[in-house]
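The values are calculated or read from the model by the stated rules, or taken from the named source; none is laboratory data. What you see is a predicted model; the values in this text were computed from it and never measured. FYI the Cβ positions are ideal-geometry reconstructions off the backbone, even for glycines, and counts take in every protein chain you see.
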């Protein structure tokens, strides 16, 4: 233990740790206006003055006065079983308890009024909050209706565009089929015409060929007849009949 740190400071520091308050908050709870006072006691290890210790016990009557000053007994008065607190310590703790009770009773009405004001403010705040939430819900419902309307418009537009696209595709397919059939028909007419011309040309060629063949045949026949006739005349003149 450092020579500069008093045992009273260490014991009081232990109690402050039990309360869960910071040193600054502990001083405020005890009505000690200067933070330097508590800092000198807890940080620098100075002995708390009787005035400061009275303020601490007035706020925390369960703290054993003798334990802080002398290290006698237990830290908490109510927990002492083996050793009794001195009459001075008990008196300080009892007087502090009475003062706290009296202060509590005196401030009871104020606390009730304060609580009533808090409740009223809370109700007003709740009403305001409810109204704000209700307004937001109204706006949300309007936005939702608007969104649903837009969705319906989009659905109708999509359906209309789909039907139009389907109709356009069907029309295009029909037009392509018609154009194909028309083109195929035109080609078929052209092919038929070409075939007729071919057949006509072949027929003409065959007729001309046949005629030429017939003419050639007739010419050859005439020549043969003439030739045979000439041969007969030749024999007749070359072999005269004997005179009788």
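Residues of the range 27-42 that are assigned to a helix (DSSP H, G or I) and within 11 Å of residue 55 (Cα to Cα): 27, 28, 29.
If the condition is being within 60 Å of the chain's Cα centre (by Cα) and in a loop (DSSP other than H, G, I, E, B), then the range 46-72 contributes 60, 61, 62. Here residue 76 does not qualify as modelled with pLDDT of 55 or more, surrounded by 11 or more Cβ atoms within 10 Å (Cβ to Cβ) and in contact with a helix residue (DSSP H, G or I) (Cβ under 8 Å, 6 or more places away or on another chain).
I'm checking my understanding of the structure. Among residues of the range 1-60 that are out of contact with any helix residue (DSSP H, G or I) (no Cβ under 8 Å at 6 or more places or on another chain) and touching a residue at least 60 places away in the same chain (Cβ under 8 Å), which one is surrounded by the fewest Cβ atoms within 10 Å (Cβ to Cβ)? Result: 14.
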